Amino acid sequence: MKENVVEFLRRTILKIPLCEMKTILEAWDFLSEDRLQTINLKQRKEFLAQEVILLCEDKCASLDDVALLDIVYTQFHREQKLWSVFQMSNQAGENVDLFDMEQFQSSFKRILQRALKNVTVSFRVYEKNSVWIRVAWGTQHLEPNQYKPTFVVYYPQTPYAFISSCYLKNTVPLLHQALKVASKHHEIVQLELRSRHLDSLKAIVFREYNQTFENYNSTIPLAEGSLGLEMSLDSRITHENTEEKVRIHQVTQETFGAYPQPQLEFAQYKLETKFKSGIGGGLLADRKEPFRCLVKFSSPHLLEALKSLVPAGIADAPLSPLLTCIPSKKMNYFKIRDK
């Protein structure tokens with residue numbers, strides 16, 4: 001193996017947690033089961049990496065083989081990336097052709113390599129319904145940097161793709177062009193939706209979170225136990241505010257549903273407003289530039305946190321649509337301006 005391939009493999013092995021080493025190497029499917037059985041998983045990771053390198057040298061592992069291992073690692077640790085959602089579209093009335101995986105990969109790779117001399121592109125079909133693409137960028141004079149790749153997750157015959165951050169901003173248009181042409185679309189736009197939880201982004205754009213909308217004034221019979229109001233058999237004990245708790249429970253269920261929420265870490269709101277006053281004159285009234293402020297809500301699980309605000313008595317029901325519309329609008333970045 002070339003020296004750069006050996007170093008790339010060594011650094012990839014070193015970042016894999018020992019508890020996941022066997023699982024990830026098996027998923028890589030490059031070394032046979034017999035060879036994997038010879039690896040001592042209880043030694044220091046530096047020595048383990050050398051063992052794997054020797055086994056891979058026997059099979060003449062290539063740069064693309066190691067890139068596939070990096071894809072497998074990233075699939076296991078996808079939350080380490082910040083993912084942005086992109087939506088593609090065709091011209092009105094245009095039919096989408098049947099998807100051909102080989103043609104897609106060939107077209108995607110060809111577009112990038114024609115535009116940029118030094119670039120490596122690797123693919124891995126995942127669970128038969130998505131293709132993971134790893135792009136390592138170089139320049140016309142420098143070899144691709146294998147340690148700062150861009151990842152693309154595309155779901156064939158859908159308009160959606162999820163892209164991790166590109167550290168070279170000038171490569172973004174090229175990446176979009178390759179994705180658009182290879183998937184046979186005419187336009188691609190970035191949605192205002194980002195998160196480290198790729199599966200939650202997928203659930204939002206494909207509406208896989210089983211949201212059901214109820215009439216706000218509908219009456220939903222509820223068992224007292226579902227409200228946390230375990231009634232005592234002693235009839236002398238009464239519970240105050242039962243009707244209000246029923247209303248809060250009903251509004252919360254109608255707004256968020258009874259299912260687990262998609263996991264997002266933040267929602268950001270940019271506000272622009274101008275000073276309004278019935279009193280003429282004054283410095284603020286003469287100000288031409290709007291006032292700007294940024295409000296950011298963050299939590300390890302933002303939507304579940306919002307869902308718990310009203311039942312916890314922290315907020316009044318119903319919550320503002322600006323907070324509850326995140327899944328339906330497919331956004332967690334908002335710009336609010338005066339009308």
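To keep it simple, each residue is scored yes or no on (1) farther than 20 Å from residue 120 by Cα; (2) modelled with pLDDT of 95 or more.
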{"site": "17", "(1), (2)": "yes, yes"}
{"site": "21", "(1), (2)": "yes, yes"}
{"site": "47", "(1), (2)": "yes, yes"}
{"site": "52", "(1), (2)": "yes, yes"}
{"site": "55", "(1), (2)": "yes, yes"}
{"site": "59", "(1), (2)": "yes, no"}
{"site": "65", "(1), (2)": "no, yes"}
{"site": "72", "(1), (2)": "no, yes"}
{"site": "77", "(1), (2)": "yes, yes"}
Exercise. Out of region 252-269, which residues are among the small types (Gly, Ala, Ser) and assigned to a loop (DSSP other than H, G, I, E, B)?
Worked result: 257, 258
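Considering 189, 153, 125, which residue is under 26 Å from residue 266 (Cα atoms) and exposed (fewer than 15 other Cβ atoms within 10 Å of the Cβ)?
Working: 153 fails: exposed (fewer than 15 other Cβ atoms within 10 Å of the Cβ); 125 fails: under 26 Å from residue 266 (Cα atoms).
So the residue among 189, 153, 125 that is under 26 Å from residue 266 (Cα atoms) and exposed (fewer than 15 other Cβ atoms within 10 Å of the Cβ) is 189.
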Exercise. For residue 167, are the conditions met, namely being at pLDDT below 95 and over 13 Å from the mean Cα position of the chain (by Cα)?
Worked result: yes
For this session: Answer yes or no as to whether residue 161 is under 20 Å from the mean Cα position of the chain (by Cα) and aliphatic (A, V, I, L, M).
Result: yes
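Just one of 42, 22, 2 is over 22 Å from residue 67 (Cβ atoms) and of a type in the set (Lys, Arg); which is it? Outline the logic, then answer.
Values: 22 fails: over 22 Å from residue 67 (Cβ atoms); 2 fails: over 22 Å from residue 67 (Cβ atoms).
Only one candidate qualifies: 42.
Which one of 151, 123, 162 is part of a strand (DSSP E or B), touching a strand residue (DSSP E or B) at 6+ places or on another chain (Cβ under 8 Å) and within 23 Å of residue 329 (Cβ to Cβ)? Working first, answer last.
Working: 151 fails: within 23 Å of residue 329 (Cβ to Cβ); 123 fails: within 23 Å of residue 329 (Cβ to Cβ).
Criteria check complete, one pass: 162.
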Seminar exercise, completed: Within region 1-39, the residues that are free of Cβ contacts under 8 Å to residues at least 40 places away in the same chain and either assigned to a loop (DSSP other than H, G, I, E, B) or in contact with a Phe, Trp or Tyr (Cβ under 7 Å, 6 or more places away or on another chain) (or both) are 17, 29, 30, 31, 32, 38, 39
Seminar exercise, completed: Scanning region 26-61 residue by residue, the ones that are exposed (fewer than 10 other Cβ atoms within 10 Å of the Cβ) and at positive phi total 1
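The values are calculated or read from the model by the stated rules, or taken from the named source; none is laboratory data. As the structure is a computational prediction, the values presented were derived from the model and not from experiment. Neighbour counts run over all protein chains shown; Cβ positions are idealised from the backbone, glycine included.
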